[in-house]
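**Student:** First the structure, which I've put down as structure tokens, then a few questions once you've had a look.
The values are calculated or read from the model by the stated rules, or taken from the named source; none is laboratory data. Predicted model only: the values in this text are computed from it and were never measured. Because the Cβ atoms are built from the backbone with ideal geometry, glycine has one as well, and the counts that use them run over all protein chains shown. Side chains included, ligands, DNA and RNA excluded: accessible areas come from the protein's heavy atoms. Shrake-Rupley method; radii C 1.70, N 1.55, O 1.52, S 1.80 Å.
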Amino acid sequence: MNTRTGYALMDAEITEMDSTSSDALVPLEKDLIKRVVEGDDDPLFVTMQILSEGVSKNRKNYTRELVQQVADEINSKRPNGYQGHLSSEDRKTKAPDPLVMWLGAETKEENGKMVVYARGYVMPYASKFKQYLRKAKALGKNVAMSIQGTAEKAVYNAKSAAYDLQGFVLDSVDFAREGSEGVPNNGTLILASEMVDDEYKSNKGEKAVEKTDVLK
């Protein structure tokens, strides 16, 4: 039970549904990009703001320390991204195909708050999702993001009138229904096709492609 003076034990999921180049925001090693795009004729990478410091719509307090932790976990785990969150029951038995594999993250200081940008590789089979991202970019639509994970405790913080998450573990960084994300992002949506250098492409017997093609 949540109280204003104590904490609630939480063996449960925590979900948040509610112009710069991708290299500058979230740099990735060239060797990693080579390995990821191999065999993909239409590679697409997406860079977005996925979390910011502050209180979410459902009164979860994302402190500066927690925001940094989320970025660190993305870099160490390279989690998947799904279309919406898996329910508690589905997480026990389901293994849906991810839309994105998040490859790296960086924190930035913006307007006095710490924010996290993440860069992910869109899976080759997700052709419809690629079309959606490209159309959303062309229309200037905001693509909503939401993190999912578990926490051991939610401790009430009277100062922020919200709950601090303790023992938080990140599971996935998912795409949310527009307007349902708990922590709105700033609308950053950078799409880029990251191709390897000419020498590598010629070894594969393929036509060389520009290394970075940022869709503005």
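**Student:** Condition test on N111, is it of a type in the set (S, T, N, Q), open to solvent by 80 Å² or more (accessible area, probe 1.4 Å) and out of contact with any helix residue (DSSP H, G or I) (no Cβ under 8 Å at 6 or more places or on another chain)?
**Tutor:** Criteria met by N111.
**Student:** Identify, by number, the condition in (1) under 30 Å from G167 (Cα atoms); (2) open to solvent by 30 Å² or more (accessible area, probe 1.4 Å); (3) in contact with a Lys or Arg (Cβ under 9 Å, 6 or more places away or on another chain) that K137 doesn't meet.
**Tutor:** It fails just one condition, (1).
**Student:** Could you tell me how many of the residues in segment 52-68 are in contact with an Asp or Glu (Cβ under 9 Å, 6 or more places away or on another chain) and assigned to a helix (DSSP H, G or I)?
**Tutor:** 3
**Student:** Let me ask another. What's the number of the condition A71 fails, among (1) of a type outside the set (S, T, N, Q); (2) open to solvent by 40 Å² or more (accessible area, probe 1.4 Å); (3) part of a helix (DSSP H, G or I)?
**Tutor:** Only one criterion is unmet by A71, namely (2).
**Student:** Against the conditions (1) modelled with pLDDT of 95 or more; (2) open to solvent by less than 70 Å² (accessible area, probe 1.4 Å), where does S56 fall short? Just the number, please.
**Tutor:** So the condition that S56 fails would be (1).
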